[in-house]
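Structure first, commentary second.
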Amino acid sequence: MNKLLQEEIEQLIKLYTSGHILETEIRCTKLLETYPQSHIIYNILGASLQGQKKINEAINKYNKSIELKPDYAEAYSNLGVALQALGKYEESIKSYYKAIELKPYHAEAFSNCANALKEIGKLEEAVLNYDKAINLKPDYAEAYNNKGATLFELNRLEEALITCKRATEIKPDFSEAFFNYSNALKEIGKLEEAVLNYDKAINLKPDYAEAYNNKGATLFELHRLGEAGESYRKALTFTPKNNSLWSNYAKSLHGIEFNSSNEELIVSLNNLLNYKYIDPPTKAIFSALRTYPKFTNIFNLINNNITSENLDQITHEFSKIPLLLKIMELSPIRDIDIEKAFTKLRLMMLDRVENNEIRGLPFYISMAMQCFINGYVFFISNSEKQKISRLEKRIVNDLKKNIKIDEAKIAILGSYIPLSKMSWANDLISLQFKKEINKLISIQILNFETEKKLKSQIKSISKVNNLVSKKVKNQYEESPYPNWVNALVMNKSKSVLDVLKLINCDFNINYEKVFNKPQILVAGCGTGQHALGTATRFSDSNVTALDLSFSSLSYAKRKTDELGISNIEYVQGDILNIDQLNKNFDIIESAGVLHHMDEPLLGWEKLVKKLNTGGLMKIGLYSEIARRNIVEMREYIDKRTYGPTEDSIRLFRKDVTDSSNISKSNISEILKFKDFYSLNGCRDLLFNIKEHRFTIPQIEESLKMLNLNFLGFEMSKTWVKNRFKKINPQKDSLFSLSLWNEFEIKNPNTFTGMYQFWVQKI
């Protein structure tokens, strides 16, 4: 190489390494007119093009460099990087190995080759190549970091921890290394230390959304829910379209109450409700609203000084709080004080629309949506019933005379009775209304009409003959449960094994018997939330969803069609007649169903017979210990002869939530159950036709009888398992039912919802 060319190349390298990529491209192109055979200039030109994301052009230049000098290792290495950027991993690996063959001491080629191997799942081979890179370059922080991440994927956690820590020591400003180090700390249970190191990663890279997310997950496991929510919220400021982050944020908010709020929090919560695939954290949202001046200033008027004169001010101002309107339309209110205030407000709104024009129509519509969602659980007096009857007659009269229907009248009527129950309901469909009212008509009338049509499409396996099953069926035909808006569908489906590993239910599993494309039965699917969650949780799955109630199934089918999910078939029938289904299943899930049967173990046995050998089963059963307050309340209901009718349930709720009663321990505990805040939910919670409860020793005995192997409890409250492990640190403790029994006796609220656990058919 002549001296002049060498000087030009040195200048090019200096220009490129200083970040002047476009200038490097221009200079290279000019120099090639003078030095068209320079393989080095072509290589540098390729690098400058790649730096501008012009990958295909870069590959062309690297190939030209190799054509001019077939033993040029740098061009092969750079070509590998470019091919890898296009996802052509196999080709990139070949190029790296060629570079290594030509230059065996090329540490970067070994490291980049390892990165490509990692991408295609050849993790062990990747680790070997990282080691070669590190041997050649002992201070190679990037290779240490990537090796640590690979060891983490291989579940070699202690090695991952040491390797990532070494990367942070070599390069103290390496945010990704601190992130991977934190991940390893979290996985081995050093949660507090993991949080500290996520903070180090974030301090080095303030927009590190993934670090905020994983820090949030760690704080969640530590039961520091408020901090977890804040961490997720921070992550969302950088990646607002990340669906899994919205889901995590919502999950972290369940079970917390805000002591203060500001405009930023209110906007964040409002944005959260725009995401369809979450269970709205209703209690958290109303606690935020209760400390939000725009809400509290108006709310206090209801309790202290509501008059017919300031009613319009209240409904108008409430109509200007989007978060309030949105949560009212999505989920039952879980605040007894707000429920009482809104019950009082609804009556005044009824009186108002009988005589005058109103302000705040959006709030009237949201009230109708709230009452529809909560199954009309707010107390209704006889006087209100008479007023509603008069209002309906006025609307009918206006329809007959072709007089324009006052939209507020429709909304307030829909706050007391589903519009679909009106004989004239379909007359509203063709009328011209404001957009908000059309939304109400869609929910209360059109959806009902759709479900009526869908009922005829649902096949039935057999008649329901068992007396208890008939009564349970009638209950859910009258009161489909739950009445929901948003579905907890999974953002990304996973294999069966990955799901079980994620919830720590894989220790005792027979891996050879697990199916890759599972046929799944959801036995007792209700209104579809369970079936939708399962269908989107397991990849390549087909779900059969069985339920007693046609009303529940048609609701489920409508929601499934709306979501565009196609791998669920809904079937009506009794678990006792499950043998009428002409196929067996790889997975059967039945949560919250068996304990409502006449003989739960008989139903369970029927399900086991439809499970393939080696198949998996998820069961949900009520806990005798955790439901002690429910038992007391059911006895209270029986003594006072409250019945399962709508009026009786409303009266019961009014009686127990009177200020003189609410302080009693068993009543205050009942108020913590979200089902208390909807009529269908309250009926399911306290007025169910049949309820059995179990203890862990009873479950253990049942598993032996049914020849099932216990795989572990599934819990959304991960901190409970962490506390259990702290008390019982031995390797297999999570799978010991006797240890869990001891734990529950000492911690009686552990399984407040249900025992939910996985088993495998031996």
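The values are calculated or read from the model by the stated rules, or taken from the named source; none is laboratory data. What you are looking at is a predicted structure, and each value in this text was computed from that prediction instead of being measured. Here the Cβ positions follow ideal geometry from the backbone for every residue, glycine too, while neighbour counts run over all protein chains shown. We work out accessible area using only protein heavy atoms, side chains counted, and drop any ligands, DNA or RNA first. Shrake-Rupley method; radii C 1.70, N 1.55, O 1.52, S 1.80 Å.
Some points to look at:
- Distant alpha-carbon pairs in the stretch 634-706 (separation over 18 angstrom), percent: 47 percent
- For the pair residue 313 and residue 429, the difference between a 0.36 nm per residue extended length and the Cα-Cα distance amounts to 38.7 nm.
- Prolate is the label for the stretch 129-279, because a/c, from the alpha-carbon gyration tensor with a ≥ b ≥ c as root eigenvalues, is 1.5 or above and a/b exceeds b/c.
- The alpha-carbon atoms of the stretch 470-596, seen along their principal axes, cover 43, 31, 25 angstrom, with the largest extent given first.
- Derived scalar couplings ³J(HN,Hα) [the stretch 488-494; Karplus, 6.51 cos²θ - 1.76 cosθ + 1.60; whole Hz; x for Gly, Pro]: 7, 8, 7, 5, 9, 6, 10
- Computed about its Cα centre, the charge dipole of the chain is approximately 1620 debye, with only Lys, Arg, Asp and Glu carrying charge at their Cβ.
- Sparse-neighbourhood loop sites, trypsin sites (Lys or Arg not before Pro) in the stretch 556-642 - DSSP loop, at most 12 other Cβ within 10 angstrom: 583, 640
- Between residue 135 and residue 29, the FRET efficiency from the beta-carbon distance, with R0 = 41 Å, is close to 0.60.
- Taking the 1.4 Å solvent-accessible surface of the chain as the whole, the part contributed by carbon and sulfur is 49%.
- Stretching residue 390 away from residue 294 to a fully extended chain increases their span by 31.1 nm, per 0.36 nm per residue minus the current alpha-carbon distance.
- Answer label, with P(r) over Cα pairs in 20 Å bins from 0, in percent calculated from the coordinates and candidates (1) 16, 47, 30, 6, 0; (2) 15, 51, 30, 4, 0; (3) 14, 39, 30, 15, 3, 0: (3)
- Probe 1.4 Å, accessible area per residue of the stretch 297-346, Å²: 37 Å²
- Loop-located GluC sites (Glu not before Pro) in the stretch 336-370 (DSSP state not H, G, I, E or B) with no more than 11 neighbouring Cβ atoms inside 10 Å: 357.
- Each peptide in 685-695, 471-481, 447-457 gets a packing score, the mean of other Cβ atoms within 10 Å over its residues, and the list from highest to lowest is 471-481, 685-695, 447-457.
- Charge dipole (the chain, unit charges on Cβ, about Cα centre) - positive-most of 595, 56, 113: 595
- Candidates per trypsin sites (Lys or Arg not before Pro) in the stretch 353-417, loop by DSSP, up to 14 other Cβ within 10 Å: 401, 404
- Coupling constants for the stretch 575-587 follow from the phi torsions by the Karplus curve (6.51 cos²θ - 1.76 cosθ + 1.60, θ = phi - 60°), and in residue order they are 3, 5, 10, 5, 5, 6, 6, 8, 8, 9, 10, 8, 9 Hz; glycine and proline get x.
- Calculated log₁₀ intensity ratio I(q)/I(0) where the Debye formula runs over C-alpha points of the stretch 552-704, q = 0.09, 0.11 Å⁻¹: -0.40, -0.59
- Gyration tensor verdict on the stretch 188-254 (Cα atoms; rounded if a/c is under 1.5, prolate if a/b is larger than b/c, oblate otherwise): oblate
- Prolate/oblate/rounded call for the stretch 297-383, Cα gyration tensor, a/c under 1.5 rounded: rounded
- Taking Cα atoms only, the orientation of helix 175-187 departs from the longest principal axis of the chain by about 50 degrees.
- Flagged links, alpha-carbon separation over 22 Å, of 459/610; 283/717; 294/326; 453/618; 205/234: 453/618
- Between the C-alpha center of the stretch 370-436 and that of the stretch 148-205 there is a gap of 60 Å.
- Close amide H contacts of residue 379 (hydrogens built in the peptide plane, cut-off under 5 Å, sequence separation of 5 or more or a different chain): none are found.
- Heavy-atom accessible area per residue - the stretch 152-209, 1.4 Å, Å²: 50 Å²
- Unit charges on C-beta of K, R, D, E only; dipole of the stretch 15-140, Debye: 200 debye
- Under 5 Å, built H, 5+ apart or other chain: amide partners of residue 611: 585
- Helix-only CD estimate at 222 nm, as mean residue ellipticity for the chain, using -39500 (n - 2.57) per DSSP H run (n ≥ 4): -18000 deg cm²/dmol
- Each residue of the stretch 148-155 was assigned a 3J(HN,Hα) from its phi angle through the Karplus expression (A = 6.51, B = -1.76, C = 1.60, θ = phi - 60°), giving x, 5, 5, 4, 4, 4, 7, 6 Hz with x at Gly and Pro.
- Most tightly packed first, judged by the mean number of other beta-carbon atoms within 10 Å of their residues, the peptides 219-229, 155-165 read 219-229, 155-165.
- Distant-in-sequence amide H partners of residue 20 (H built 1.01 Å from N, under 5 Å): none
- The residues packed around residue 12, meaning those with a beta-carbon under 11 Å from its beta-carbon, carry a net charge of -2 if Lys and Arg are +1 and Asp and Glu are -1.
- Placing +1 on each Lys and Arg Cβ and -1 on each Asp and Glu Cβ, with no other charges, gives the stretch 76-204 a dipole about its Cα centre of roughly 280 debye.
- Crossing angle, helix 263-272 versus the chain [Cα axis fit, 0-90 degrees, rounded to tens]: 90 degrees
- Here residue 69 is the anchor, and the lysines within straight C-alpha reach of less than 24 Å, apart from those fewer than 8 places off in the same chain, are 3, 14, 30, 54, 61, 88, 94, 98, 103.
- Two-decimal log10 I(q)/I(0) for the stretch 76-127, as the Debye equation yields it once each C-alpha is a single scatterer, q = 0.13, 0.15, 0.21, 0.25 Å⁻¹: -0.23, -0.31, -0.60, -0.84
- Cα-based convex hull volume of the stretch 395-524 per residue, rounded to whole Å³: 215 Å³
- Inter-probe distance in nm under a simple model that places probes 7 Å from Cα toward Cβ, at residue 462 and residue 741: 3.4 nm
- Helix 696-706 and the long axis of the chain differ in direction by around 80°, with both axes built from C-alpha atoms.
- Model label points for residue 539 and residue 6, set 7 angstrom from Cα along the Cα-to-Cβ axis, are 5.4 nm apart.
- Across all C-alpha atoms in the stretch 101-190, the radius of gyration and Dmax reach 12.4, 45 Å.
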